1. Compute and list, largest first, the equivalent-ellipsoid semi-axes of region 1-156 from the alpha carbon gyration tensor, each √(5λ) rounded to a whole angstrom.
2. Could you tell me which chymotrypsin sites (Phe, Trp or Tyr not before Pro) in region 164-208 are loop residues by DSSP with no more than 12 other beta carbons within 10 angstrom of their beta carbon?
3. By how many degrees, between 0 and 90 and to the nearest 10, does the Cα long axis of helix 264-274 differ from the longest principal axis of the chain?
4. Any chance you could give the angle, 0 to 90 degrees and rounded to 10, that helix 61-71 forms with the longest Cα principal axis of the chain?
5. Pick from GLU52, GLU62, GLU282: which residue has the top mean-square fluctuation in a GNM of the chain where Cα pairs under 10 Å get a spring?
6. Taking only C-alpha pairs under 8 Å that are 6+ residues apart, what is the relative contact order of the chain in percent?
7. What are the ³J(HN,Hα) couplings of region 131-148, residue after residue, when phi is run through the Karplus curve with 6.51, -1.76, 1.60 and θ = phi - 60°? Round to Hz, x for glycine and proline.
8. So what's the Cα pair-distance distribution over region 103-246, bin width 5 Å, in %?
Amino acid sequence: MPHSGDRPDATTGAGRFAPSPSGDLHLGNLRTAVLAWLFARSTGRRFLLRVEDLDRVRPGAEQRQLADLAALGLDWDEQVVHQSRRIRLYENAIDRLTRAGLTYECFCTRREIQQATSAPHAPAGAYPGTCRDLTPEQRDAKRSADRAPAIRLRSTTQWFTVHDVLHGDFTGVVDDFVLRRNDGTPAYNLAVVVDDAAQGIDQVVRGDDLLTSAPRQAYLATVLGLEVPHYAHVPLALNQEGKRLAKRDGAVTLADQEAQGHSAADVLGTIAVSLRLADPGEPVTLPLLLDRWDPARMPREPWVFHPDRDA
Ligand code: GLU
């Protein structure tokens, strides 16, 4: 595993990249990883990797993801953490919340929630609270109907504001979101909050598709008495139709690029150009990009990837 030679002190906080091992990383993911590394290293933070493998695991994907990150020159501190080996931490957090009266069982199906939330008065994307105030009798009846419950947070607010380095103050919906799914798996929003705190991560840099999750996560951190990290939600990579970049958009993984004769260093160059940290064709390394890095100057608009022009 790569290690940074000059390891900052463990008390300086940490940034991270937390991929789900559901397939190969594409150029947009790699660009986000580079940004997370630049944000962390430029502020003297450790940089940690966490494999978010609670679901959607594809065999071999994790190994390829880590190899691709290393090929770009990213280094990270400490051992890579796997969420699937940390279930006890998540269950402990759920237990604490339950003892404080801050959870409840939810028996709703996805369809029931969809029907309820399509009502005109419901806030978009928010759980309507169907199971929040069931009587013990109603709960027992639902339990015996043979449906395992999910566990939801009994939230005491509808909105929460986070501060984001790139987006400023962002206020978003906080509903009674799921902490443990009805198949027993800890939910993403819980795991991410527990892990970031447990790993000493105080800087979260990730795609801006997750900006709307940040208020829920920051609220949950607050309820658990954990520190809310600094956030930077960075622009996504899009295809030429303006949709989120995907595998079907051509040569978008490092392996695809290499098959076309572009080395990992070339791909880093493409990413650097997209971040306005280098000129087209200029050879770059991560230390050089770190030297040039100024978050105030990074593009705020999505990166539209043109396969013919950009690679
Ligand atoms: N595992 C998530 C993803 O790959 C990222 C979670 C996060 O950065 O908070 O989309």
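FYI, it's all coordinate maths here, none of it is from the lab. Keep in mind the model is a prediction, meaning the values are calculated, not measured. Note that we place each Cβ from the backbone using ideal geometry, even for glycine, and neighbour counts take in every protein chain shown.
1. With the √(5λ) rule applied to region 1-156, the semi-axes are 40, 18, 16 Å.
2. none
3. The two axes meet at around 80 degrees.
4. On a 0 to 90 degree scale, this one is about 40.
5. Maximum among the listed residues: GLU282.
6. The normalised contact order for the chain reaches 19 percent.
7. My calculation for region 131-148 gives 9, 5, 10, 5, 6, x, 5, 4, 5, 4, 4, 5, 4, 6, 7, 6, 10, 5 Hz in order.
8. Spelled out bin by bin, region 103-246 gives 2, 9, 16, 18, 18, 15, 12, 6, 3, 1, 0 percent.
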